[in-house]
Amino acid sequence: MNRLMDRLFGTIDNVAEGGARLMAQRTGRRSVLSLIGKAAIGGALLPMLPFDRAGGGSARAQAEKADTECEYWRYCALDGFLCTCCGGSVNQCPPNAAVSQVTWVGTCQNPGDSKEYLISYNDCCGQASCGRCLCNFNLRERPGYRMGVHNDINWCMANEASNYHCTVAAVVGLGSSGG
């Protein structure tokens, strides 16, 4: 068995040495460095090529995302726990939670009809944080001094019970490019 292994490794060594010598005779150092440079540049440019971020899905498949998933189209500017995972719906707070008196807004595109919709994000207040289905999207978010388009604020501050529970995403109309 050892003899067989020695012969096998000897053959592999001879083939590798012959290939290396042949390559050394036919190519110079500069051409090898050139090939290595081209490979490095090509590898650096590869991530810049366009690709489908939708995972190969069509707009229809994207429209069918469940409202309990962060990727649901209405949640493009939502930062908080989804009320759909906390006993409420996409439009309505869970029982014993009150809708915030102030809100932030975002414009999200519905992949089902390719229209932009104005979404009102309302925190549901008065109960302890739900703690389920946390989503954090900052698409088109503005700095904190533009409060109506800033999602990192406890919007329950205007309510009597200021505990944050979850967030709903109600469609309030077509966005500016939706008509």
For K38 the rounded accessible area (nearest 10 Å², probe 1.4 Å, non-protein molecules ignored) is 140
When every protein chain stays in place and a 1.4 Å probe is rolled, F9, F137, F81 sorted by accessible area with the largest first are F9, F137, F81
Rounded to the nearest 10 Å², the accessible area of S120 using a 1.4 Å probe with every protein chain kept is 10
Placing each pseudo-label 7 Å from Cα in the direction of the beta carbon, A128 and K65 end up separated by a distance in nanometres of 3.0
Region 118-139 scanned against label point 7 Å out from N154 along Cα→C-beta; backbone N under 18 Å for 122-132
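The values are calculated or read from the model by the stated rules, or taken from the named source; none is laboratory data. This is a predicted model, so every value here is computed, not measured. Glycine also receives a Cβ, built like all others from the backbone with ideal geometry; neighbour counts cover every protein chain displayed. For accessibility, only protein heavy atoms count, side chains too; no ligands or nucleic acids. Shrake-Rupley method; radii C 1.70, N 1.55, O 1.52, S 1.80 Å.
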